[in-house]
Every structure is written in structure tokens, then in C-alpha cells.
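Enquirer: Mind looking over this structure? Questions follow.
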Amino acid sequence: MKSAVVTFPASNCNRDMFDALEKITGERPHEIWHQDTEIPNVDLIALPGGFSFGDYLRCGAMAARSPAIKAVAAHAERGGNVIGVCNGFQVLTEMGLLPGALMRNRSLKFVCKTVQLKVENADTTFTNAYSNGQVINIPVAHHDGNYFADDETLARLEDNGQIAFRYVNKAGEATADANPNGSQHNIAGIMNERGNVLGMMPHPERLIEDEQGGRDGRGFFESIINSLN
Amino acid sequence: MKARVHITLKNGVLDPQGKAIQHALDSLGFDGVDDVRQGKYIELDLAETDKATAEANVEEMCKKLLANMVIENYSIDIE
């Protein structure tokens, strides 16, 4: 699988994303700087976590208007796969590729811990290596992961199976206690209607080998590879 | 010409920072503050001299970057 990782000023998970993609796909991803206007033809473009442009104004707002983003939008328009993790998710909502917005955590605290996610829809490009309803462990580390969308948008996401991951407790229940940031409907990750763009707050790239404490994030990348075959 | 832009969260959108401010005011003994909503204030110095054009330009800026129309409202004062 050919991939590219877009780096913005103050991205800080670009290296993790790069390493995860390289280890899992066996191919070195293209490194794209935010000022680049062209991205080679790849199977996947990844927008990594971090604090692009210092998160001044709003998280992801300035990154979403940077030159490389036009190429990301064109790739998505052609049906190419795009993922955004953490700050990358914020960029995708600011671009309008995904609905809703990510707000300050309800607790006002930066949350850095491993949480449980339920795979809500295992019939997608990004989740097919998991099974429906499977509960996986994935780390979160964010201050602004509180997913907000109006009721109509939430209903549409639910009805179309666009919710990929939800925060749950160990028993797989989407309770308020299991929700690290106050996201509506315990949403941790969503897709666009076409199913080729996914954004999520948790970091699957941080849990791909035993040295990191587990491999639950690996299935996310393997799903994308599966979907290309 | 100066433009002053106020950006606030839409009604119905939870404002945890506003809630924290309210809580702090309460603990300082300021009673009777029913709700607090916090927002952003952005001041722009513009070369434009025509007020209507300046207002239209800043409106564009708000829609394209300064405000997130999913969760925020904006208001513009030009002088």
C-alpha cells in the first residue's frame, strides 16, 4: 500500500504515523510538508496528530486552509482514502470533509490514557480486520476531542453506519463514565457518507506492536490494506 | 479602518470554559450569575476605506476562517 503523511508546523505524531505505516505496509510513506501543493498518487493520505499551527484560533483551522490540503481534498474527491487522527480529525472537520466539530473536552482537562473503543461497523475500509462489536484498547491524548454535531447530523451518522468507533467501558457499554471528552453519542471516530474518509480522536498508530503495550491499533491499518485487495 | 469581530458559541452548544468561569465567579462570592458564555474577540486593521466593502470582506473572512459555522456565531463592527 502506498501512503503519504502530511506534516504541519507543530504536528507531533507524524513520525509515529509514518513508522506505523512503514512497518505495517512494508513501504515508506511519502513525507508531505503542508506547503507542498502536490501529493503523489497513493492509496492513503494520513493527517497525523499534534497541534498544527499551535492550535491558535481553533484546532485544525489553519491547517485546513494550508496548500497541501487542496491536494488532500482532491484525493478524497477522487475516492482516495484519507484518515485523520486526533488533530488530523480536527482538520478533516474544519475542511468540511467530515461533518461536525471538535470542541474543548467537557472536563476542560487534557486526557491522556488508554480507552476502550467499540467497533460499531466492521464492514468498512477502516475496520474490516475487526469484528462487529469488538472492544479494543487504543490510547487517547487530547484537549479538544469533544465531538459535536447537530441532532440531524447525528441521526444521519447513526442511520448510515458512519460511526466507526464509540467510547465504551470494558463491558462494551457506551456510558458517560467511559466517555473521555463528552463527545455526543460517545463518538470516537466517524466516516464520510462515501466511506473513504475517516477521522478519529484515539491513536491507533501508538499501539501496533508489543513494545508499545499491545497491537490493537494494527487492525485499523490492516483493514485499509485488506480493502485494497 | 478597524473591524472588531466577536465570535461566540451558538446557543445549545455546551461551553465548558464558560461553565468553569461561572463556577469560579460563584466561588468568589458573586451570586446571581445565571450563565456564562465565553468567546473570542478579533481586531483587524484594514487598508480598505469603504465601509460596505470592508464589512463584506470581513464577513468572508469569518465564513472562511475566523468562525466555525458548525458551532459558532459571529458579529462584526466596523469603524
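The values are calculated or read from the model by the stated rules, or taken from the named source; none is laboratory data. Predicted model, so just to flag it, every value in this text is computed and none were measured. Positions of Cβ are backbone-derived with ideal geometry, glycine not excepted, and every protein chain shown enters the neighbour counts. The area values use the complete protein model at the heavy-atom level, side chains included, leaving out ligands, DNA and RNA. Shrake-Rupley method; radii C 1.70, N 1.55, O 1.52, S 1.80 Å.
Enquirer: Computed from the mean reciprocal separation of all distinct C-alpha pairs, what Kirkwood hydrodynamic radius does the protein assembly as shown have, in Å? Show your work: numbers first, answer last.
Expert: Working: mean 1/r = 0.0493 Å⁻¹.
Result for the protein assembly as shown stands at 20.3 Å.
Enquirer: Please list the non-local residues whose amide H lies under 5 Å from the amide H of A:R166, H modeled 1.01 Å from N, same-chain partners needing a gap of 5 or more.
Expert: Amide H neighbours of A:R166: A:K118, A:E120, A:A188.
Enquirer: Report the Cα-based extents of segment A:1-149 along its three principal axes, largest first, to the nearest Å.
Expert: 39, 38, 26
Enquirer: Here is a follow-up. For segment A:184-229, taking Cα atoms only, what is the radius of gyration to one decimal and the Dmax to the nearest whole Å?
Expert: Rg and Dmax of segment A:184-229, Cα atoms, are 12.3, 36 Å.
Enquirer: Does anything in segment A:17-59 have its amide N under 17 Å from the 7 Å Cα→Cβ label point of A:N226, and if so which residues?
Expert: A:24-25
Enquirer: Can I ask one more? Step through the residues of segment A:163-171 one at a time and calculate ³J(HN,Hα) from phi using the Karplus curve (6.51 cos²θ - 1.76 cosθ + 1.60, θ = phi - 60°), rounding each to whole Hz and writing x for Gly and Pro.
Expert: 8, 7, 9, 10, 6, 9, 8, 5, 7
Enquirer: Additional query: Search the structure for amide H atoms under 5 Å from the amide H of A:S11, placed 1.01 Å from N in the peptide plane, and list their residues when 5 or more places away or on another chain.
Expert: Counting only residues 5 or more places away or on other chains, the set is A:F51, A:F53.
Enquirer: In whole angstrom, and with the biggest value first, how far do the Cα coordinates of chain B range along each principal axis?
Expert: Principal extents (Cα only, largest first): 47, 25, 14 Å.
Enquirer: Across every pair of different alpha-carbon atoms, what Kirkwood hydrodynamic radius in Å does segment A:1-77 reach?
Expert: Numbers: mean 1/r = 0.0801 Å⁻¹.
With all distinct Cα pairs of segment A:1-77 included, I get 12.5 Å.
Enquirer: In segment A:174-226, what GluC sites (Glu not before Pro) fall in a loop by DSSP, with at most 13 other Cβ atoms inside 10 Å? Don't skip to the answer; put the middle values down first.
Expert: Details: sites: A:E193, A:E205, A:E209, A:E211, A:E222; in loops: A:E193.
Loop-located and lightly packed - A:E193.
Enquirer: Describe numerically, in nm with one decimal, the distance between label points set 7 Å from Cα along Cα→Cβ at B:H23 and at B:Y41.
Expert: Calculated label separation equals 2.5 nm.
Enquirer: Report ³J(HN,Hα) in whole Hz for each residue of segment B:48-53, in order, from the Karplus equation J = 6.51 cos²θ - 1.76 cosθ + 1.60 where θ = phi - 60°; Gly and Pro get x.
Expert: Going residue by residue, I get 4, 10, 8, 4, 5, 5 Hz, with x marking Gly and Pro.
Enquirer: Which value at 222 nm does chain A reach when only helices count, each DSSP H run of 4 or more adding -39,500 (n - 2.57), with the total divided by all residues and rounded to the nearest 500 deg cm²/dmol?
Expert: Working: 5 runs with 52 residues, N = 229.
Rounded to the nearest 500, it is -7000 deg cm²/dmol.
Enquirer: Ballpark to the nearest 100 Å², how much total accessible area do A and B bury together, probe 1.4 Å? Write down the numbers at each step before the final one.
Expert: Values: alone 9920 and 5530 Å², together 14170 Å².
Approximately 1300 Å² gets buried when A meets B.
Enquirer: So if R0 is 35 Å, what FRET efficiency would A:Q134 and B:N11 give, r being the distance between their Cβ atoms, rounded to the nearest 0.05? It would help to have the intermediate numbers written out before the result.
Expert: Details: r = 38 Å, r/R0 = 1.10.
Between A:Q134 and B:N11 the formula returns 0.35.
Enquirer: Measuring with a 1.4 Å probe in the full set of protein chains, what accessible area per residue, in whole Å², belongs to the protein assembly as shown? Don't jump to the answer; show the numbers that get you there.
Expert: Working: 14170 Å² over 308 residues.
Using a 1.4 Å probe on heavy atoms only, each residue of the protein assembly as shown averages 46 Å².
Enquirer: Follow-up. Helix-derived [θ] at 222 nm for chain B: sum -39500 (n - 2.57) over DSSP H runs of at least 4, divide by residue count, nearest 500? Let's see the in-between values first.
Expert: Working: 2 runs with 23 residues, N = 79.
Helices in chain B give a 222 nm mean residue ellipticity of -9000 deg cm²/dmol.
Enquirer: Calculate the FRET efficiency for B:D50 and B:N73 from the Cβ-Cβ distance with a Förster distance of 25 Å, rounded to the nearest 0.05.
Expert: 0.50
Enquirer: On the principal axes of its Cα set, how long, how wide and how thick is segment A:106-229? Give whole Å, largest value first.
Expert: 39, 35, 24
Enquirer: Between the chain alone and the structure with every protein chain in place, find the residues of segment B:36-79 that drop at least 50 Å² of accessible area; heavy atoms, 1.4 Å probe.
Expert: Residues losing area: B:L65, B:N68, B:V70, B:I71.
Enquirer: Considering only protein heavy atoms and a probe of 1.4 Å, how much of the accessible area of segment A:117-179 is carbon and sulfur, as a whole percent? Intermediate values should be presented prior to the final figure.
Expert: Numbers: 1030 of 2670 Å².
Looking at segment A:117-179 in its full context, I get 38 percent from C and S.
Enquirer: Quote to one decimal, in nm, the extra length available between A:R215 and A:E173 on full extension: 0.36 nm per residue of separation minus the C-alpha distance between them. Could you put the intermediate results ahead of the total?
Expert: Working: separation 42, 0.36 × 42 = 15.12 nm, distance 2.20 nm.
12.9 nm is the gain from fully extending A:R215 to A:E173.
Enquirer: Amide H to amide H under 5 Å from A:T114: which residues, 5+ apart in sequence or cross-chain, H placed 1.01 Å off N in plane?
Expert: For A:T114, whose amide H was placed from the backbone, the distant partners under 5 Å are A:V140.
Enquirer: Could I ask something else about it? For chain B, which chymotrypsin sites (Phe, Trp or Tyr not before Pro) are in a loop by DSSP, counting at most 10 other Cβ atoms within 10 Å?
Expert: Numbers: sites: B:F30, B:Y41, B:Y74; in loops: B:F30.
Those that pass, being in a loop and sparsely packed, are B:F30.
Enquirer: How large is ³J(HN,Hα) for each residue in segment B:14-21, as worked out from phi by the Karplus curve 6.51 cos²θ - 1.76 cosθ + 1.60 (θ = phi - 60°), to whole Hz, x for Gly and Pro?
Expert: Once θ is set to phi - 60°, the couplings for segment B:14-21 become 4, 10, x, 5, x, 4, 5, 5 Hz.
Enquirer: A follow-up question, please. For B:K19, A:K70, write out the residues from largest to smallest accessible area, computed with a 1.4 angstrom probe and no ligands counted.
Expert: Working: B:K19 105, A:K70 165 Å².
So the residues, ranked largest to smallest area, are A:K70, B:K19.
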